[in-house]
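Colleague: Mind looking over this structure? Questions follow.
What follows is calculated from the coordinates using simple rules that are stated; it is not laboratory data. Bear in mind the structure is a predicted one, so any value in this text is a computation, not a measurement. Quick reminder, even Gly has a Cβ in these numbers, built from the backbone with ideal geometry, and neighbours come from all protein chains shown.
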Amino acid sequence: MSPQLWTRTRWAQNGKVRLAFDELADGGGGEPLLLVMGLGVSRAWWPDGLCRTLSEHAFAVARYDQRDAGDSTHVPPTQTRLPFTALAARRGGAYTAEDMADDAVAVLDALGWESAHLFGASLGGAVAQRVAVRHPDRVRTLTTMSAVPGDAAGLRALRYVRPTALARLSRMTFPDTEEGSIQAGLAVARFCASPGYPFDEAEARASAERLADAGARDTRAQSRQIGAQWHGPAISTIAAPTLVLHGSGDPLIRQSAARAIASRIPGSRLVTLPGVGHDIPSPVWGTVAAEMRRLAAGADSPGPR
């Protein structure tokens with residue numbers, strides 16, 4: 001029997017919200033790194049191979065399910081909306097973006113980590129930025145990928161999103177069954193796939209079957225997450241060393257989003273990944289991990305960045 005890759009699920013608490021998390025089982029001794037996943041889906045969407053590669057670059061990797069995703073608390077719906085209309089709404093409903101940022105800190109507390117490197121993808125990238133704004137003493141470095149600026153709420157965020165792509169995602173409907181979750185997971189994987197790399201249909205289907213993640217089709221939960229409004233300071237106040245990653249072939253988030261983040265966070269560095277979409281394909285795992293290790297090493301070095 002092969003050794004277990006991830007530890008058993010543990011739980012953090014933020015008010016009434018219970019947050020599921022786990023750690024890479026063989027990641028002891030590295031610097032703490034918390035992964036923040038994107039819209040609606042569980043922590044298991046982080047590729048295991050990428051997590052192992054990060055471990056090989058001296059990171060102790062942990063991941064968690066955001067509220068309204070995976071095994072974490074799903075809050076009662078306030079109203080039924082599609083993610084597209086929730087993003088354009090002037091007011092949020094179920095909770096705030098500050099609540100989601102505080103969730104990440106609750107996980108850090110449960111892990112016993114006074115501070116950690118943060119890596120957020122897609123919506124998780126915006127959440128990670130907000131953690132760096134709201135809890136600067138808890139963030140060693142910040143890496144954000146395929147994300148919009150964390151302080152661009154509501155209609156201001158739409159300038160960075162390809163509306164037709166978001167609308168197409170919002171219109172996808174699947175049965176409220178395990179098979180529907182599998183179909184949704186495969187459809188999302190196809191949509192996010194990197195145009196510069198071959199799409200492995202068989203592997204994507206196997207992954208969708210393994211995950212069977214209802215979050216890929218739960219537009220109500222997605223709407224609550226994307227509709228959470230940010231009321232805090234601007235991302236220009238972030239002091240943590242920051243790396244901004246973005247795929248040149250991202251079908252959902254415009255490259256202008258990455259440029260905006262990099263231009264507004266002092267001292268940040270933008271790395272464009274050629275041929276990469278709204279995912280993290282295996283050929284770039286080594287590049288991503290090496291860039292994050294370079295960022296972490298610079299954060300430990302004396303003198304200005």
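Colleague: Within 10 Å of each residue's Cβ, count the other Cβ atoms and sort ASP137, ASP99, ASP48 from fewest upward.
Modeller: ASP137, ASP48, ASP99
Colleague: Given that just one value was derived from the coordinates, which of (i) 1.03; (ii) 0.93; (iii) 1.00 is Rg/Rh (Cα atoms, Kirkwood Rh)?
Modeller: Correct label is (ii).
Colleague: Let me ask something else. Applying 1/(1 + (r/R0)^6) with R0 = 35 Å to the Cβ-Cβ distance of ALA297 and GLU203, what FRET efficiency is obtained, to the nearest 0.05? Write out the running numbers ahead of the final one.
Modeller: Numbers: r = 33 Å, r/R0 = 0.94.
The calculated FRET efficiency here is 0.60.
Colleague: Considering only DSSP beta bridges where both residues belong to the chain, give the percentage that are antiparallel (nearest 5).
Modeller: 30 percent
Colleague: Report the calculated FRET efficiency for LEU155 and THR272 (r = Cβ-Cβ distance, R0 = 30 Å), to the nearest 0.05.
Modeller: 0.70
Colleague: Also, quick follow-up: Tell me, how many Å apart are the Cα centres for region 194-208 and for region 252-295?
Modeller: 21 Å
Colleague: Anything in the chain that counts as a DSSP H helix reaching 18 Å or more along its axis (C-alpha) with Kyte-Doolittle mean of at least 0.5? List them, would you?
Modeller: On the way: long enough: 97-111 (22 Å, 0.63); 178-192 (21 Å, 0.44); 285-300 (23 Å, 0.03).
Those that clear 18 Å and a mean of 0.5 are 97-111.
Colleague: Starting from the Cα gyration tensor of region 1-41, take the square roots of the eigenvalues, sort them a ≥ b ≥ c, and report rounded, prolate or oblate (rounded when a/c is under 1.5, otherwise prolate if a/b is larger than b/c, else oblate). Don't skip to the answer; put the middle values down first.
Modeller: On the way: a/c = 1.83, a/b = 1.68, b/c = 1.09.
It comes out prolate by the Cα gyration axes.
Colleague: Quick check on the exposure proxy: order TYR95, TYR197, TYR64 from fewest to most C-beta atoms within 10 angstrom.
Modeller: Ascending Cβ contact count within 10 Å gives the list TYR197, TYR95, TYR64.
Colleague: Would region 144-225 count as rounded, prolate or oblate if I go by the C-alpha gyration tensor, calling it rounded below 1.5 in a/c and otherwise prolate when a/b exceeds b/c, oblate otherwise?
Modeller: Note, shape of region 144-225 comes out oblate.
Colleague: Modelled label-to-label distance, GLU179 and ARG162, 7 Å Cα→beta-carbon offset: nm?
Modeller: Inter-label distance under the simple model: 3.1 nm.
Colleague: Please check: in the Gaussian network model of the chain (C-alpha springs, under 10 Å), which one of PRO281, PRO32, PRO198 has the largest mean-square fluctuation.
Modeller: PRO198
Colleague: Here's something else I'd like to know. Can you give me the distance in nm between label points at LEU5 and ASP137, each placed 7 Å from the Cα along the Cα-to-Cβ direction?
Modeller: Taking the simple label geometry, LEU5 and ASP137 are separated by 3.7 nm.
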